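The values are calculated or read from the model by the stated rules, or taken from the named source; none is laboratory data. Note that the structure is a prediction, hence the values are computed from the model and not measured. All Cβ positions, glycine included, derive from the backbone under ideal geometry; neighbour counts span all protein chains shown.
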Number of protein chains: 2
Amino acid sequence: MEEKMKELSEKIIRLLEEKKIQELKEIIDGLYPTEFAGLTDYLPLEQIIEIFKLLKDDEKIAELLSELSSELQANIMDALGKEKASDILEEMDTDEAADFLGEITPQESRELLDLMPKEEAEEIEELLKYEENTAGSIMNNEFVALPEDLTAEEAINKIRELSPEAETIYYVYIVDKRERLIGVISLRDLIMANPKAKISEFMEEDVVSVLDTEDQETAARIIADYDFLAIPVIDRKGTLLGIITVDDIIDVLQEEVTEDIHKMVGSSEVYEDKLIKASPLTRAKARLPWLFVCMAGGILSGSVIKLHSDTLQTVMAMAFFIPIIMAMGGNVGAQSSTIAVRGLATGQLRIDELWYNIWTETKVGSLIGIIVGIIISLVALIWQDNYVLGLVIGLSLCLTIITAATIGTLLPLIFTKIKIDPAIAAGPFITTIVDVGSLLIYFSLGTFLFKWFSG
Amino acid sequence: MEEKMKELSEKIIRLLEEKKIQELKEIIDGLYPTEFAGLTDYLPLEQIIEIFKLLKDDEKIAELLSELSSELQANIMDALGKEKASDILEEMDTDEAADFLGEITPQESRELLDLMPKEEAEEIEELLKYEENTAGSIMNNEFVALPEDLTAEEAINKIRELSPEAETIYYVYIVDKRERLIGVISLRDLIMANPKAKISEFMEEDVVSVLDTEDQETAARIIADYDFLAIPVIDRKGTLLGIITVDDIIDVLQEEVTEDIHKMVGSSEVYEDKLIKASPLTRAKARLPWLFVCMAGGILSGSVIKLHSDTLQTVMAMAFFIPIIMAMGGNVGAQSSTIAVRGLATGQLRIDELWYNIWTETKVGSLIGIIVGIIISLVALIWQDNYVLGLVIGLSLCLTIITAATIGTLLPLIFTKIKIDPAIAAGPFITTIVDVGSLLIYFSLGTFLFKWFSG
């Protein structure tokens, strides 16, 4: 795929140079928008703009643009001029248009909206009002809504008429005179129905919908669980405002996962899509907060060692095993918390099975702890020829792992229970707690056992 | 939602006890399959089986069953008896039926297939042949395929006829006499077309499809990128074998992410959906391999410290800072590698920008390293009143962070380049390398600087 795109980009640059416009247009016409987007990765900005200037069809331009990054969109729109840009915006899906306008300055956005027909500008402005991550912010208002007194045949004719403006016609929504959502019919059911039957007779009245102010993740979950192709968005009065389609939901699900994964390593919620290309300073800032937590934990861990410096002075070899205790504790903690966080996200782990989940994870931790503990005892014994040290290392590694596994499962579950995102609990937070805890176990046990055996 | 399901489950148990069958059936009829599945979490197995025995409609049973876990499916089918089970299988989507048969013993599966009509049994057997995670293994063969010489009107009539057996009718596939895929039309285009127009005139001939033996992730990527509702699956000769629909793809995408996340913490590929409920021993085994790698790394780290025990003997305070060096290095490494792995998975990071990506991440690391290095120098100076120690800590923490950020980005990119899953590189692997590296930096620098300043 990448190889193919690279070759094609070279061909396009050549065609541009040789002014073989017709051939070039045919190639672009044959590409799906996502393929064209892949191609732009290999084309210099100038050439991309040149291509857009050659394309005359606003609808085609709108289609290609919607798959590009917002930065590239802004550059292209800028080069095409305000008049053309507003024509293109008109052809874009309202949700895509709103996305684009949300990324440029409010003044530029205002100018473009003023150039558009009033009705369409208002539709887009409706969407711009919504806060990020709400269902309203990702819906589009190009749906098919019909009154309930039509017959199946009349409905299909009406759909034919409305289709050019609609994002999907596979679900048709039925509204009352006040635009309130009262039913839904799939195009499939319409086609299968008796043409003379009233749609009110066979529409599904129990419509699953989301509120415009709800989290977009709720809409995504519903579509994923119910296997819907779209979900209607309503306000508190039940008025149908828009729809969210399954393709937008796939993007939401992917974004949410990226966010979760980044939270897990504490690269902060801010470290999302756009930040991966941001300046080093912005990126460093996004990552520092958790590193300070980690630093504080490190100082605390250091104090634990300092507290036991007498033991360390007598048995210098205790220091050699600090890394293994920390690394194993951290790893098991990360494993357990990741399993818990992901289990909660996918619904595999249920919060009302809190104690059962913790108990089984403690059992897993104990098994791992015992196996690993015995091995490291032997290593310590052979390496340092000190059987008390072997005992100290083995026992404390075992206890550390059990603690790490238990805390690693406990924290995400408790965070969920008190309504904090469990992903935050994973990673740095747990590692820090486990670090301090494991060194406490190791050095307390060391001090105690060496005293015991020597005295 | 959970609260509602709990209440409903209590009501259902009551209705079962009071033998109010009609009321019970009405409740079940009003539920979507996914809602029913949520409900079964709160019902004892006996009651679930009782409900299924009350439902007479095989199609309804098939629909409800397909959302349940394979364990629960097996229990219910078992209780219903072989005859009934094979009737239900007939009503299930072929991909769901194949999934179910793949989970029970080959002998049981054979018995059920033998009880089914031959044609339908063969269709399912076709699917059972495919290896897990291939496109063929998740496709279903209930699609609408038409010859190219029909008119739009004839095609719609044909769709009406075939609809009851089809998983989706929104995409209609056009095949030649040898069943080879030669075109696709959306139901939307069919409805919009002139009823007398031949479908061969307006079908899309440039069909995007996947091979049956390709990875299911390829199919998922295409549907996600192209915003399709389904993708056709063909064999090497171009014969249309089945389709994969967008709802199945959402599941695949989620599974792949879970797999990636688990690989990142080294809880191993095996630690997937089913294992979360497996026995502690199985689960411990799945997690041990990486822990052994980590243990080996720990011993290596310990040897680094042992090598410098003279320095440690003179400046015992060096030991107090081992945790902070390790924790910070590990954290930054985990952040960088996670950002790289996720960036690669979402296409935000491009492998052909290898050196650019590493260079920017090194800059981010340097910034973080300098900030954090200065702070920890001051902490060390104030805490231990030793300016050489302050210098050693600050410098080595700064170098450790730069190294961790660079390696954290480099490894996933290199792994991708040599076609190894980059998720494996993240987590334990990088943490282990960074642990050893950071202690090498810290103690070498310490030994060198303390000698320099004292001599």
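Brief remarks on what is shown
- Among the residues listed as A:341, A:372, the single one being at pLDDT below 90 and not acidic (Asp, Glu): A:341
- Any chance residue A:25 is over 30 Å from residue A:278 (Cα atoms) and either outside any helix (DSSP H, G or I) or within 12 Å of another protein chain (Cβ to nearest Cβ) (or both): no
- Check on residue A:115, crowded, with 17+ Cβ neighbours inside 10 Å and away from chain B (no Cβ under 14 Å): no
- Residue match in region B:151-159 (condition: polar (S, T, N, Q), outside any helix (DSSP H, G or I) and farther than 17 Å from residue A:191 by Cβ): no
- Qualifying residue in region A:75-92 (condition: within 22 Å of residue B:348 (Cα to Cα) and either of a type outside the set (Ser, Thr, Tyr) or not in a helix (DSSP H, G or I) (or both)): yes
- Residues within region B:28-65 that are of a type in the set (S, T, N, Q) and either crowded, with 20+ Cβ neighbours inside 10 Å or outside the structural domain of residue B:79 (by TED's automatic domain parsing) (or both), tallied: 1
- Count of region A:202-251 residues which are in a helix (DSSP H, G or I) and in contact with a helix residue (DSSP H, G or I) (Cβ under 6 Å, 6 or more places away or on another chain): 12
- Considering region A:221-255, the residues that are within 11 Å of another protein chain (Cβ to nearest Cβ) and in contact with a Phe, Trp or Tyr (Cβ under 6 Å, 6 or more places away or on another chain) include one that is surrounded by the most Cβ atoms within 10 Å (Cβ to Cβ), namely A:230.
- Of everything listed in (1) within 30 Å of residue A:202 (Cα to Cα); (2) surrounded by fewer than 19 Cβ atoms within 10 Å (Cβ to Cβ), the single unmet condition for residue A:140 is (2).
- Checking residue B:416 against (1) surrounded by fewer than 24 Cβ atoms within 10 Å (Cβ to Cβ); (2) under 26 Å from residue B:370 (Cβ atoms); (3) hydroxyl-bearing (Ser, Thr, Tyr), the condition it does not meet: (2)
- Residue A:310 vs. criteria surrounded by fewer than 24 Cβ atoms within 10 Å (Cβ to Cβ), at pLDDT 80 or above and among the acidic types (Asp, Glu): yes
- Any pair with Cβ under 7 angstrom, 6 or more apart, that starts in region B:115-133 at a residue that is assigned to a loop (DSSP other than H, G, I, E, B) and ends at one that is of a type outside the set (Asp, Glu): B:116/B:86; B:116/B:89; B:130/B:136; B:130/B:137; B:131/B:137; B:133/B:216
- Filter result for residue B:379 (closer than 28 Å to residue A:289 by Cβ, of a type in the set (A, V, I, L, M, F, W, C) and within 7 Å of chain A (Cβ to nearest Cβ)): yes
- For region B:421-431, the criterion of being out of contact with any Phe, Trp or Tyr (no Cβ under 8 Å at 6 or more places or on another chain) and surrounded by fewer than 20 Cβ atoms within 10 Å (Cβ to Cβ) is met by no residue.
- Residues that are part of a helix (DSSP H, G or I) and over 23 Å from residue A:82 (Cα atoms) occur in region A:38-56; there is at least one.
- Taking first residues from region A:318-342 that are more than 7 Å from chain B (Cβ to nearest Cβ) and farther than 17 Å from residue A:442 by Cα and partners that are not in a helix (DSSP H, G or I) and not charged (D, E, K, R), the Cβ contacts under 8 Å between residues at least 6 apart in sequence or on separate chains come to A:337/A:426; A:337/A:427; A:340/A:349; A:340/A:426; A:341/A:426.
- Residues located in region B:291-314, provided they are within 17 Å of residue A:329 (Cβ to Cβ), within 7 Å of chain A (Cβ to nearest Cβ) and of a type in the set (A, V, I, L, M, F, W, C): B:291, B:294, B:295, B:299
- Annotation: residue B:201 fulfils all but one of (1) more than 13 Å from chain A (Cβ to nearest Cβ); (2) within 20 Å of the chain's Cα centre (by Cα); the unmet one is (2).
- For region B:76-96, the condition holds for at least one residue, the condition being that it is free of Cβ contacts under 8 Å to residues at least 60 places away in the same chain, β-branched (Val, Ile, Thr) and in contact with a Phe, Trp or Tyr (Cβ under 8 Å, 6 or more places away or on another chain).
- Reported count of residues in region A:171-188, each being within 8 Å of chain B (Cβ to nearest Cβ) and either in a strand (DSSP E or B) or surrounded by fewer than 21 Cβ atoms within 10 Å (Cβ to Cβ) (or both), is 1.
- Residue tally, condition over 18 Å from residue A:333 (Cα atoms) and away from chain B (no Cβ under 14 Å), over region A:393-434: 2
- Within the set A:154, A:83, A:165, A:161, the sole residue that is surrounded by fewer than 15 Cβ atoms within 10 Å (Cβ to Cβ) and over 21 Å from residue A:63 (Cβ atoms) turns out to be A:161.
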